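Heads up: the structure comes next, in structure tokens.
What follows is calculated from the coordinates using simple rules that are stated; it is not laboratory data. Since this is a predicted model, take the numbers as computed values, not measurements. Glycine gets a Cβ as well: all are built from the backbone with ideal geometry, and neighbour counts include every protein chain shown.
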Amino acid sequence: MTETTDREHWSRVASDWIEWARTPNHDAFWAYRDQLRAYIGRGEGEALDIGCGEGRVARLLKECGLRVVAVDPVEQFVTAAAAADSSHDYAIAAAAELPFKDGRFDLAVLYNVLMDVEDVSAALKEAKRVLRTSGMVFISIVHPLTDCGRFIDTDPDAPYVRIETYFGRRRFEGIEERDGLRMHFAGWSQPLESYAAALEDVGFAITSLREPVPNIGSRGDHLDLWRRIPLFLWLKARPLPA
């Protein structure tokens, strides 16, 4: 979250996000969690969870056998992550200003973070800097297709209609309310090509791509819709030789 306005936004909504994220089976994360763990896979070495939030991805990385360092620019998130024993170590820092030496980590994770940074290339450049040459970056983003349209209602067969152009970069804000919880989301929407170009410019090569389908056994209703159109896009990329 490199831009001050983004950091301020997440600082304002930190308490709401912690409650939202920690309510079991509440948001989409829970319907993708098992697939995410399988896609990352069992491993050894040290992983950096960039933009860790309250720590749920860091906890999943620990399940994968990794030694995890969690970092976020919002102090309340880092405090919450530490209170839940989410990681092995913690730091308060923005994605573009990581306080770690070059070549330290085997894996850098940017889970739904790049939509929240002003300068995607700067965040990726820092991720590459702290990775070993044999390391890998894992990226999750809300699928760019979902930002330019919406389902007209929650019926499983509801039409999906385009409301914005797919191309270009624009700010988004919206409020979701469900099961008595309320969350104000804000960030940046841009096409897949923009993310791919940023990876290429920084010196990453994409090695794997997934458009996961939710496991609605853990949560039905609104998630049924995302079996028709992908909600998330997952990428793995490796640093290119200098």
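For this structure, a couple of remarks:
- Rounded to the nearest 20 debye, dipole of the chain from Cβ charges on Lys, Arg, Asp, Glu: 720
- Peptides ranked, highest mean first, by Cβ atoms within 10 Å: ranges 10-19, 34-43: 10-19, 34-43
- Angle in degrees between helix 29-40 and the longest Cα principal axis of the chain, rounded to the nearest 10: 40
- Computed from phi, the 3J(HN,Hα) profile of region 96-101 under the Karplus parametrisation 6.51, -1.76, 1.60 (θ = phi - 60°) reads 8, 9, 7, x, 10, 6 Hz, with x in place of Gly and Pro.
- For region 58-121 and region 122-148, distance of Cα centres in Å: 12
- Rounded tilt (10° steps) of 192-202 against the dominant C-alpha axis of the chain: 10
- When peptides 122-133, 140-151, 47-58, 160-171 are ranked by their average number of other Cβ atoms within 10 Å per residue, the highest-first order is 47-58, 122-133, 140-151, 160-171.
- The angle between the Cα long axis of helix 120-130 and the longest principal axis of the Cα atoms of the chain comes to about 40 degrees, rounded to the nearest 10.
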